[in-house]
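Structure first, commentary second.
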Amino acid sequence: MSTLVLDSASRWFGNVMAVNDVSLTIGPGVTGLLGPNGAGKTTLMAMMSGFLAPSAGQVTLDGKPVWRNTKTYRRIGLVPERELSFGYLTGRQFVRANADLHRLPDAAAATERILEVVDMVEPGGRRLDTYSKGMRQRIKIAAALVHDPAVLLLDEPFNGVDPRQRMHLMDLLRRLGDEGRTVLFSSHILEEVERLARHIEVVVSGRHAASGDFGAIRRLMTDRPVQYAVQSSDNRRLATVLMAQESVRSVGLRRDYLDVQVGDLGSFAVDLPALARQHDVTLFELSPSDESLESVFAYLVAR
């Protein structure tokens, strides 16, 4: 069992700060790295896998620096987000090439073993440029696992994968985590992380925003102030009624709708229809106006 540690790790490119003073620990099992696009997830993955040196701080695996440490590289498998650029190879040739690069004593046997693990034995004889998105993801995972690493890092592994293939990949990652491997996958989709990982790390704008059990962090996200746009048959009357409710923090009267900030989402959802009915107001539309992941993570960072 292995543990990855980032200690005050930062990375900048010229004047651009991609990762800013991040400290976190990734242990055995499946961990989700959650953040909006551009949050710094790919840069973090590159530093953890040894492809990128931290500009400040350090990244270690079981106490040993990752950067420029070939012994450590042999214990890490990376599944990058970028597409494969070797379409002329078969899946089997691609995985075998990685086995040869790691100088495995029986590269052919290792290739067949891992193709069976990812259920790609039969398609392994086909060229990569004939594969579906899900098949390409599985063959990339096979290549990352062929040397039997203790750590597996996956950058946005579910992007563009259909629901059936997504379930297959999730089952595979769960099995790897149950074996005691350290599995870290990144995603910008909350529901993907919820289905696969109990422990999550949240990053936004290159900063570490939250860490811990998924349920606790999800409650932080759910309990944050939420902005709603409400349209009704009598916005002025409804605004007066809503201002008296404990669950409502503020109400703004716009041209044709109400801008309502809610502190207690559960109470507001239950009370609004009853209040509208009680005061003879018809609700036409209720929609969140700040439900982007960026707004959720910005709230976590500000805490």
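Among Val19, Val146, Val248, which one shows the biggest mean-square fluctuation in a GNM of the chain, springs joining Cα atoms closer than 10 Å?
Val248
Grab the Cα-Cα distance for Asn15 and Arg164, subtract it from 0.36 nm times how many residues apart they are, and report the gain in nm with one decimal.
Working: separation 149, 0.36 × 149 = 53.64 nm, distance 4.24 nm.
The span from Asn15 to Arg164 would gain 49.4 nm if fully extended.
Which FRET efficiency value, to the nearest 0.05, is calculated for Arg236 and Phe51 with the Förster distance at 51 angstrom and r the Cβ-Cβ distance? Mind showing how you got there, number by number?
Values: r = 59 Å, r/R0 = 1.15.
Using R0 = 51 Å, I get an efficiency of 0.30.
Choose one answer from Gly38, Gly50, Gly252: the residue with the largest mean-square fluctuation in a GNM of the chain with alpha-carbon springs under 10 Å.
Of Gly38, Gly50, Gly252, the Gaussian network model singles out Gly252 as fluctuating most.
Going by C-beta contacts inside 10 Å, put Tyr88, Tyr257 in order with the fewest on the left. Working shown, then result.
Values: Tyr88 9, Tyr257 19.
Final ranking by Cβ density, sparse to dense: Tyr88, Tyr257.
Could you please rank Met17, Met170, Met1, placing first whichever residue has the fewest other Cβ atoms within 10 Å of its Cβ?
Values: Met17 16, Met170 19, Met1 11.
Ranking Met17, Met170, Met1 by Cβ neighbours within 10 Å, fewest first, gives Met1, Met17, Met170.
Where in the chain is the longest stretch that carries no GluC sites (Glu not before Pro) classed as loop by DSSP and with at most 15 other Cβ atoms within 10 Å? Walk me through the intermediate numbers first.
Numbers: sites that count: Glu81, Glu83, Glu179, Glu246, Glu291.
The segment 84-178 is the longest one with no such site.
How big is the range 4-221 by the Kirkwood estimate over distinct Cα pairs, in Å?
Working: mean 1/r = 0.0567 Å⁻¹.
Hydrodynamic radius (Kirkwood, Cα pairs) of the range 4-221 is 17.7 Å.
Quick check on the exposure proxy: order Asp155, Asp106 from fewest to most C-beta atoms within 10 angstrom.
Details: Asp155 21, Asp106 10.
With the fewest neighbours first, Asp155, Asp106 line up as Asp106, Asp155.
Using a Gaussian network model of the chain whose springs link C-alpha atoms within less than 10 Å, name the residue from Gln231, Gln278, Gln261 with the highest mean-square fluctuation.
Between Gln231, Gln278, Gln261, it is Gln278 that shows the largest mean-square fluctuation.
Check the straight Cα-Cα distances from Lys64 and name the aspartates and glutamates below 16 Å, setting aside those fewer than 8 residues away within the same chain.
Candidates past the 8-residue exclusion: Asp7.
Per-residue ellipticity at 222 nm for the chain, helices alone: DSSP H runs ≥ 4 residues times -39500 (n - 2.57), over residue total, nearest 500 deg cm²/dmol? It would help to have the intermediate numbers written out before the result.
Numbers: 11 runs with 113 residues, N = 303.
Taken over the chain, the calculation gives -11000 deg cm²/dmol.
For Lys133, go through the lysines and keep the ones whose alpha-carbon is under 29 Å away, minus same-chain ones fewer than eight residues off.
Result set, ordered by chain and number: Lys41.
Laboratory data are not the source of any read-out in this text; all were calculated from the coordinates shown. Everything numeric in this text was worked out from a predicted model, so none of it was measured. Cβ sites come from the backbone with ideal geometry, for glycine too, and all protein chains shown count toward neighbours.
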